[in-house]
Amino acid sequence: MTPSNGTDVDEASAGNRLDVHAMPGHLIRRMHQASQAIFDGEMARNGLDLTSVQYAALAVIAAQPGLDQATLAAIIAFDRVTTGGVIDRLEAKALVRREIAKGDRRSRRLHLEPQGAKILTSARPIVEDVQAKMMVGLDKREQSQFLKLLQKALDAVGDVRRGPARSA
């Protein structure tokens, strides 16, 4: 078979190929890229130096003052090392503080600093706007259905995460 562009294509192999644009993994990755670009762009446009993960961490710490880093990592679904780096950056910006837990010197309790509370308050309406921008192509019923289906799919795969990198 010769397509209109003049190249030879084996019909059997063309029929057996997976269309990447119909794969959930590809679409989820693309939607994630789009959501990050929207989030980052809106934060920058509003003069805030805050990533989506930093926002999530601030929101959880505000809701649960004094929680430990391991619990925060579990709630925001990031590994402990990555979460530690997020907290390092938030602490460097004077948005959170770590306190050594009484009775367990290895554990660090997290608290929002006044500047962190101020940033969180400023960011909330922007984050709400970002969520709406991510769903702009869907009507209200579709948005609700989309979120329910995403949650259902996520619940079905459970707490699957990338495994540790292996050395060759």
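Quick one: would you say R45 is under 13 Å from V127 (Cα atoms) and among the basic types (K, R)? Here the answer is yes, as R45 does meet what is asked.
On the given criteria, is I100 outside any helix (DSSP H, G or I), β-branched (V, I, T) and either free of Cβ contacts under 8 Å to residues at least 24 places away in the same chain or within 15 Å of L50 (Cβ to Cβ) (or both)? Yes. Taken over the stretch 102-151, the criterion of being under 13 Å from A62 (Cα atoms) and among the charged types (D, E, K, R) is satisfied by R109, E113, K118, R124. Counting the residues of the stretch 118-158 that are within 16 Å of the chain's Cα centre (by Cα) and not in a helix (DSSP H, G or I) gives 1. Residues that are at pLDDT below 95, touching an Asp or Glu at 6+ places or on another chain (Cβ under 7 Å) and surrounded by 18 or more Cβ atoms within 10 Å (Cβ to Cβ) do occur in the stretch 67-79, at least one of them. Is it true that some residue in the stretch 93-100 is among the basic types (K, R) and touching a His at 6+ places or on another chain (Cβ under 7 Å)? Within the stretch 93-100, one or more residues are among the basic types (K, R) and touching a His at 6+ places or on another chain (Cβ under 7 Å). Going through (1) assigned to a helix (DSSP H, G or I); (2) closer than 26 Å to A37 by Cβ; (3) touching a residue at least 40 places away in the same chain (Cβ under 8 Å); (4) not β-branched (V, I, T) one by one, L50 falls short only on (1).
The values are calculated or read from the model by the stated rules, or taken from the named source; none is laboratory data. For clarity, every value in this text was computed on a predicted model and none was experimentally measured. As a convention, Cβ positions derive from the backbone with ideal geometry for all residues, glycine included, and neighbour counts pool all protein chains shown.
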